[in-house]
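Before any comments, here is the structure.
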Ligand SMILES: [Zn+2]
Ligand SMILES: [Zn+2]
């Protein structure tokens, strides 16, 4: 499978660069979706468009056997790209800075490989290709692409779902697996502390929300270290504090907002409660508060059995030294919603360009080593192939 994928290298690079040069924001992936649909149709694969707004679904195989889905995301980010590459973004202010262009190209490559396999081998099931919009953002109803696809029944009848994500800061060709929770529940909060305000020379005449903020911040930062079981990963970070205008006026309110992340649902709920407790300090100091928590993506749960299928493919096709067992961190992925619909797992594919410069995700210099594209296609295709050949347990 890897050899067949390597023969597609030029085509994979062409597709990736085409998408990279024409990035589109979430739920606006019109050109990308058309390119995906056209490429699948050329391969003779039945296609449904407009799934989850701008998503595309293709399917091959037949019969009553089980179905495995493979997911790629297609959206870009609102970043102005800094690059001399011939494939630099031609859509100013929009950039594929997370590698979703490569995910789309690799899944098209996998479709190519599986089309061949379906024609030559005896399948007992189906493979569904999910090209998902808007992983990085939400629509006006707070919904991201994975949820939109699920609402349009894209996961109906799916028994297992797999995906990959490139990792631009890890050595090219390394594969990262982790069983169970690997990326975080991500919630955000907005809080306003209210006091009385007044003259800076007469602080004793009213409640000072900036003074309250000092106590509240201490309490918030103590939540992970003093209130949560140290064996449970979590983090709270304050990203913005806004209050006051000048030297001699105590304001009557201060605003803060931040992010709350965890792996486990019980910890997620405890964090919300602890945050509320921290803000209650304002009431002891003569003030009051308002707290709004926005519930975001769930934690990604990687199914151990599905991971084992993919690890075995990696071992057989590449070798053991490529495999790294490691949590993916406290970031988030809306693939987590799909992994709640069917047993699922995502692996990370190292894709750093080896020249001493680290091109982090979501930065204006992000880029990947394109030599990993066939590895990704082959990993996805071979896992799905073994699944529909009835070789996996
Ligand atoms: Zn991203
Ligand atoms: Zn991403």
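Within the option set 308, 383, being farther than 26 Å from residue 238 by Cα, part of a helix (DSSP H, G or I) and in contact with a helix residue (DSSP H, G or I) (Cβ under 8 Å, 6 or more places away or on another chain) holds for one residue only, 383. So, of the residues in the range 286-296 that are buried (at least 18 other Cβ atoms within 10 Å of the Cβ) and at pLDDT 95 or above, which turns out to be farthest from residue 340 (Cα to Cα)? For the range 286-296, the residue satisfying everything is 287.
Does the range 111-122 include one or more residues that are within 16 Å of ligand 1 (Cβ to nearest atom), touching a residue at least 60 places away in the same chain (Cβ under 8 Å) and either surrounded by 15 or more Cβ atoms within 10 Å (Cβ to Cβ) or under 22 Å from residue 38 (Cβ atoms) (or both)? No; the residues of the range 111-122 include none that is within 16 Å of ligand 1 (Cβ to nearest atom), touching a residue at least 60 places away in the same chain (Cβ under 8 Å) and either surrounded by 15 or more Cβ atoms within 10 Å (Cβ to Cβ) or under 22 Å from residue 38 (Cβ atoms) (or both).
Quick check on the range 80-89. Is at least one of its residues closer than 20 Å to residue 352 by Cα, away from ligand 2 (no atom under 13 Å from the Cβ) and within 21 Å of the chain's Cα centre (by Cα)? Yes, because at least one residue in the range 80-89 is closer than 20 Å to residue 352 by Cα, away from ligand 2 (no atom under 13 Å from the Cβ) and within 21 Å of the chain's Cα centre (by Cα).
The residue list 317, 330, 310 contains one member that is crowded, with 16+ Cβ neighbours inside 10 Å and within 16 Å of ligand 2 (Cβ to nearest atom), which is 330. On inspection, residue 146 passes the criterion of being crowded, with 24+ Cβ neighbours inside 10 Å and within 16 Å of ligand 1 (Cβ to nearest atom).
Restrict the check to the range 353-371 and report whether at least one residue is surrounded by fewer than 16 Cβ atoms within 10 Å (Cβ to Cβ), closer than 28 Å to residue 159 by Cβ and within 14 Å of ligand 1 (Cβ to nearest atom). Looking through the range 353-371, none of the residues is surrounded by fewer than 16 Cβ atoms within 10 Å (Cβ to Cβ), closer than 28 Å to residue 159 by Cβ and within 14 Å of ligand 1 (Cβ to nearest atom). You will find that of 108, 130, the residue that is surrounded by 24 or more Cβ atoms within 10 Å (Cβ to Cβ), more than 16 Å from ligand 1 (Cβ to nearest atom) and more than 24 Å from residue 332 (Cβ to Cβ) is 108 and no other.
Looking only at residues that are in a loop (DSSP other than H, G, I, E, B) and within 16 Å of ligand 1 (Cβ to nearest atom) in the range 46-83, which one is surrounded by the fewest Cβ atoms within 10 Å (Cβ to Cβ)? Among residues in the range 46-83 that are in a loop (DSSP other than H, G, I, E, B) and within 16 Å of ligand 1 (Cβ to nearest atom), the one surrounded by the fewest Cβ atoms within 10 Å (Cβ to Cβ) is 78. You will find that of 236, 223, 260, the residue that is free of Cβ contacts under 8 Å to residues at least 40 places away in the same chain and closer than 18 Å to residue 292 by Cβ is 236 and no other.
Of the strands (runs of 3 or more DSSP E) entirely within the range 102-198, those holding at least 1 residues that are at positive phi occupy 180-183. Looking across 225, 262, one residue alone is at pLDDT 95 or above, within 30 Å of residue 328 (Cα to Cα) and out of contact with any strand residue (DSSP E or B) (no Cβ under 7 Å at 6 or more places or on another chain). It is 225.
Within the range 333-343, if we keep just the residues that are in contact (Cβ under 8 Å) with a residue 60 or more places away in the chain and more than 16 Å from ligand 2 (Cβ to nearest atom), the residue that is surrounded by the most Cβ atoms within 10 Å (Cβ to Cβ) turns out to be 342.
Could you tell me whether the range 356-370 includes any residue that is touching a helix residue (DSSP H, G or I) at 6+ places or on another chain (Cβ under 9 Å) and assigned to a helix (DSSP H, G or I)? Yes: one or more hits. Filter the range 94-141 down to the residues that are modelled with pLDDT under 95, more than 16 Å from ligand 2 (Cβ to nearest atom) and under 18 Å from the mean Cα position of the chain (by Cα) and list them by number. Residue satisfying the conditions is 139 alone. Exactly one residue out of 184, 191 is touching a strand residue (DSSP E or B) at 6+ places or on another chain (Cβ under 7 Å) and within 16 Å of ligand 2 (Cβ to nearest atom), and it is 184.
Only one of the numbered conditions (1) exposed (fewer than 15 other Cβ atoms within 10 Å of the Cβ); (2) under 34 Å from the mean Cα position of the chain (by Cα); (3) part of a helix (DSSP H, G or I) is not met by residue 224, and that is (1). Within the range 84-105, can you find the residues that are away from ligand 1 (no atom under 16 Å from the Cβ) and touching a helix residue (DSSP H, G or I) at 6+ places or on another chain (Cβ under 6 Å)? Result: 87, 90, 105.
The values are calculated or read from the model by the stated rules, or taken from the named source; none is laboratory data. No experiment lies behind these values; they were computed from the predicted model shown. Neighbour counts run over all protein chains shown; Cβ positions are idealised from the backbone, glycine included.
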